[in-house]
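Single-structure report; data block below.
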Amino acid sequence: MVWIPWIRYLGWLKEAVGTNEEFLPGSIKVSDILSRLFNNKASKVPRNIIVLLNGKSLSDEDVKSAVAKDQDLIELLPVVSGG
């Protein structure tokens, strides 16, 4: 069996991108995932997103160096604000 990394979009982000999950073709840098997301859906997706890799929150520095590999789950959660 082949395991691949996948993304789960949470909150209103799933409506903005048009799906709640996406499977990735092999290992990929987390920063590349975000770049692709912002470039493809720039008008709908804010830049302030919480990134989780296998349930662990990633700092901005971690996002730059993290690589999603087999069986990894990347969860993207938009920051909620307002009154």
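Just one of the numbered conditions (1) touching an Asp or Glu at 6+ places or on another chain (Cβ under 8 Å); (2) modelled with pLDDT of 85 or more is not true of residue 78; which one?
Exception for residue 78: condition (1).
Within the stretch 25-40, which residues are among the basic types (Lys, Arg) and surrounded by 14 or more Cβ atoms within 10 Å (Cβ to Cβ)? If you could, list the steps in order and put the result at the bottom.
We begin by selecting, within the stretch 25-40, every residue among the basic types (Lys, Arg); these are 29, 36.
Residue satisfying the conditions is 29 alone.
Tally the residues that are loosely packed, with under 13 Cβ neighbours inside 10 Å and among the acidic types (Asp, Glu), restricting the search to the stretch 56-81.
Total meeting the criteria: 3.
Only residues in the stretch 51-75 that are charged (D, E, K, R) count as the first member; pair them with residues that are part of a helix (DSSP H, G or I), Cβ under 7 angstrom, at least 6 apart or cross-chain, and list the lot.
64/31
The values are calculated or read from the model by the stated rules, or taken from the named source; none is laboratory data. For clarity, every value in this text was computed on a predicted model and none was experimentally measured. Cβ sites come from the backbone with ideal geometry, for glycine too, and all protein chains shown count toward neighbours.
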